[in-house]
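Working notes, beginning with the structure itself.
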Amino acid sequence: MKQTNKERIGLVLPNIPAYSETFFNSKIKGLQENGFEVVLFSKSKSKSNYPSCKTVISPNFAKRPYLIVEFLFIFWQCLLHFKKAFKLFKLNRKESSSIANSIKNVFINSYFFPHKLTWLHFGFGTMALQSELVAETIGAKMAVSFRGFDLYIYPEKNPKCYALLFSRKVYYHVLSDEMKATLIQNGISSDTIFKITPAIDIRFFKPIENKNNQLTKQFLTIGRLHWKKGIEYTLEAFSLFKQQGIPFHYTIIGEGIEKEKLMFAVHQLELQDYVTFTGKISPLEVRSYLENNDFYVQYSIQEGFCNAVLEAQAMGLLCLVSDADGLAENVLHEKTGWVIPKRNPLLLAQKMADVMHLDEKITHEMKTNAMERVQREFNLEKQNQAFKLFYS
C-alpha cells in the first residue's frame, strides 16, 4: 500500500550515482514506487544521467573562478532562510564551536535550508560529519548509513570523529549484525539501529543451465583495487596453489590505486600466465564473466557486506570469502560457501584445493543453497519493503 501523503526523503551522497551503481538507484526507484518523494543532495556532479528525482548540488569552494559566485549565492540563501541559518549557528555555538567555525558550518550546509524534508539521510557515516545539526535545524528526522570503511577504518585515522553524531538523535542503517554490534559498543541504543542488507537484481543475476565443465578452473574477484580487498593475500594463496600443479586462471575485475602494486606482485610471484586484470567493465560484461567462472574469491581485510559476493552466489559460483566483518553473514560457512580467516594465504590455498576435490553432489548442494538463499533473502523487493518500514 502506497503512502497517501508524500513524505520527502533527502538522500545525501558524495556523487550522483552512475547507472551501474544499482544499490542507490534501486533504492531511489523503490522509495518512489512506495509513494515517497526523494531529493538527492550531492557533493559533486556526475557525467552520468541524473536519477529520476530532484537533484541538489552542494557549494563547491574548490573551484576558485566560481568562488565569488558561490559565496554570493550562499549569502543570499542565508538571508532568505535567516531563521534556519541563525538556528544552526546557535546549535553550533552550543556545542562549543567557535564563532568562525559556526559561521563556516552555516555556509557549508546552507544548500539544505530551502528544502522541507521529512527525513535527511546521509548515505555514508562520513557524509554526516560537519552536518550533524542540520536535520534538527530544518525540522527533519536524521538517518545515517554505515557501510564498512566509514565505521571501521575512517575512525582509526580520525579518533572521536563521530562524537557529535553519536550524541544526537539519529536512526542508523547498517549492513550486518557485526556493524550493529559495533555501534552498540559505541553507546548507540539498539532500538535506533536497523539492519538492512544489500540486495541484487535476481532477474539479471541468475544461473545459466548446462554450464561448461572446464579443465582449467576459473577463479574470479570483483572490486576496487584497494588494500582492504586483500587481493595481495589472494595472489600469495594462488602462488602456493600453483605449486600443486592444478590448472587454473584468476581474473580480477576492477580499477583502483593498488593496480600497479598488484601487477608487480603478479610478476614477483610468477603468476603472469595465470592472472588477468580486466579493469572496469560494464554490468553486462560482469555477468558474462560470472557465467564463465567456477569459483569466486573475496579474501578482504575489511568488508561491509559485498554485493559482488551476492551476485556470484546467485549465479551458481562456489564462493570462498574471508571472515572480514559482514562477509561471514553474506556467506554461511559450509552451507552456502566457505569462510576463511583473513590474512592467511596458506589457509586460503588449502581451502581452494579442498573445494576443487569435493564430491560433485556436495558442491551442487552448496550452489543450490546459496542461490536459493540469495533469491529469498537478498532481492530488491525485500530491500525496498525494509526501507519503507525504516522511514515509517
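Going through the stretch 96-111 one residue at a time, which ones are assigned to a loop (DSSP other than H, G, I, E, B) and either free of Cβ contacts under 8 Å to residues at least 12 places away in the same chain or among the charged types (D, E, K, R) (or both)?
Passing the criteria: Ser96, Ser97, Ser98.
Find all pairs meeting these conditions: Cβ atoms under 6 angstrom apart; at least six residues apart or on different chains; first residue within the stretch 170-184 and free of Cβ contacts under 8 Å to residues at least 40 places away in the same chain; second residue charged (D, E, K, R) and open to solvent by 10 Å² or more (accessible area, probe 1.4 Å).
So the pair list comes out as Val174/Lys180; Val174/Lys195; Lys180/Lys195.
Quick test for you: out of Asn92, Asn109, pick the one residue that is open to solvent by less than 10 Å² (accessible area, probe 1.4 Å), farther than 15 Å from Val170 by Cβ and not aliphatic (A, V, I, L, M).
Exactly one of Asn92, Asn109 is open to solvent by less than 10 Å² (accessible area, probe 1.4 Å), farther than 15 Å from Val170 by Cβ and not aliphatic (A, V, I, L, M), namely Asn109.
Please name all residue pairs, on different chains or six or more residues apart, with Cβ atoms under 6 Å, provided the first residue is in the stretch 239-255 and is among the hydroxyl-bearing types (Ser, Thr, Tyr) and the second residue is assigned to a helix (DSSP H, G or I).
Listed by first residue and then by second, the contacts come to Tyr250/Phe238.
Tell me, which residue of the stretch 309-338 that is within 18 Å of the chain's Cα centre (by Cα) and open to solvent by 10 Å² or more (accessible area, probe 1.4 Å) is farthest from Asn293 (Cα to Cα)?
Among residues in the stretch 309-338 that are within 18 Å of the chain's Cα centre (by Cα) and open to solvent by 10 Å² or more (accessible area, probe 1.4 Å), the one farthest from Asn293 (Cα to Cα) is Asp325.
Check the stretch 181-199 and report whether any residue there is closer than 30 Å to Leu80 by Cβ and modelled with pLDDT of 95 or more.
no
Does Ala163 fit the bill of being hydrophobic (A, V, I, L, M, F, W, C), over 30 Å from His364 (Cα atoms) and touching a residue at least 24 places away in the same chain (Cβ under 8 Å)?
no
Any chance you could count how many residues in the stretch 229-260 are farther than 24 Å from Gly326 by Cα and within 22 Å of the chain's Cα centre (by Cα)?
So the answer is 1.
Restricting the search to the stretch 124-140, which residues are touching a helix residue (DSSP H, G or I) at 6+ places or on another chain (Cβ under 7 Å) and either over 14 Å from Phe41 (Cβ atoms) or not aliphatic (A, V, I, L, M) (or both)?
Phe124, Gly125, Thr126, Gln130, Glu132, Leu133, Glu136, Thr137
Looking only at the stretch 112-134, count every residue that is over 24 Å from the mean Cα position of the chain (by Cα), without any contact (Cβ under 8 Å) to a residue 60 or more places away in the chain and open to solvent by 20 Å² or more (accessible area, probe 1.4 Å) and tell me the total.
1
Pick out the one residue from Lys361, Lys388 that is farther than 20 Å from Ser176 by Cβ and in contact with a Gly (Cβ under 9 Å, 6 or more places away or on another chain).
Of the residues listed, the single one that is farther than 20 Å from Ser176 by Cβ and in contact with a Gly (Cβ under 9 Å, 6 or more places away or on another chain) is Lys388.
Of all residues in the stretch 371-385 being open to solvent by less than 30 Å² (accessible area, probe 1.4 Å) and among the hydrophobic types (A, V, I, L, M, F, W, C), which is nearest to Phe295 (Cα to Cα)?
Top of the filtered list is Val374.
Based on what the data block shows, is Lys261 in a helix (DSSP H, G or I) and either basic (Lys, Arg) or closer than 23 Å to His364 by Cβ (or both)?
Answer is yes for this residue.
Take the stretch 339-370 and flag every residue that is under 25 Å from Thr216 (Cβ atoms), open to solvent by 10 Å² or more (accessible area, probe 1.4 Å) and not in a helix (DSSP H, G or I).
Residues satisfying the conditions are His357, Leu358, Asp359.
Here is a yes/no grid of residues against (1) of a type in the set (A, V, I, L, M, F, W, C); (2) touching a residue at least 40 places away in the same chain (Cβ under 8 Å):
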{"site": "Asp201", "(1), (2)": "no, yes"}
{"site": "Gln214", "(1), (2)": "no, yes"}
{"site": "Lys217", "(1), (2)": "no, yes"}
{"site": "Ile231", "(1), (2)": "yes, yes"}
{"site": "Ala237", "(1), (2)": "yes, yes"}
{"site": "Lys261", "(1), (2)": "no, no"}
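Being closer than 26 Å to Glu236 by Cβ and not small (Gly, Ala, Ser) narrows it down to one of Asn369, Asn293, so name that one.
Asn293
Name the one entry in His226, His267 that is farther than 24 Å from Glu360 by Cα and either open to solvent by 50 Å² or more (accessible area, probe 1.4 Å) or in contact with a Ser or Thr (Cβ under 6 Å, 6 or more places away or on another chain) (or both).
Being farther than 24 Å from Glu360 by Cα and either open to solvent by 50 Å² or more (accessible area, probe 1.4 Å) or in contact with a Ser or Thr (Cβ under 6 Å, 6 or more places away or on another chain) (or both) holds for just one of His226, His267, which is His267.
I need a count of the residues in the stretch 313-338 that are touching a helix residue (DSSP H, G or I) at 6+ places or on another chain (Cβ under 7 Å), in a loop (DSSP other than H, G, I, E, B), free of Cβ contacts under 8 Å to residues at least 60 places away in the same chain and not aliphatic (A, V, I, L, M).
Total satisfying the criteria: 2.
Going through Thr278, Thr251 one at a time, which residue ends up being surrounded by fewer than 19 Cβ atoms within 10 Å (Cβ to Cβ), touching a Leu at 6+ places or on another chain (Cβ under 9 Å) and closer than 28 Å to Arg203 by Cα?
Thr251
The values are calculated or read from the model by the stated rules, or taken from the named source; none is laboratory data. Note that the structure is predicted; figures quoted are calculated from it, not measured. Here Cβ is always computed from backbone atoms with ideal geometry, including for glycine, and neighbour counts include all displayed protein chains. Note: areas computed on protein heavy atoms with side chains; ligands, DNA, RNA excluded. Shrake-Rupley method; radii C 1.70, N 1.55, O 1.52, S 1.80 Å.
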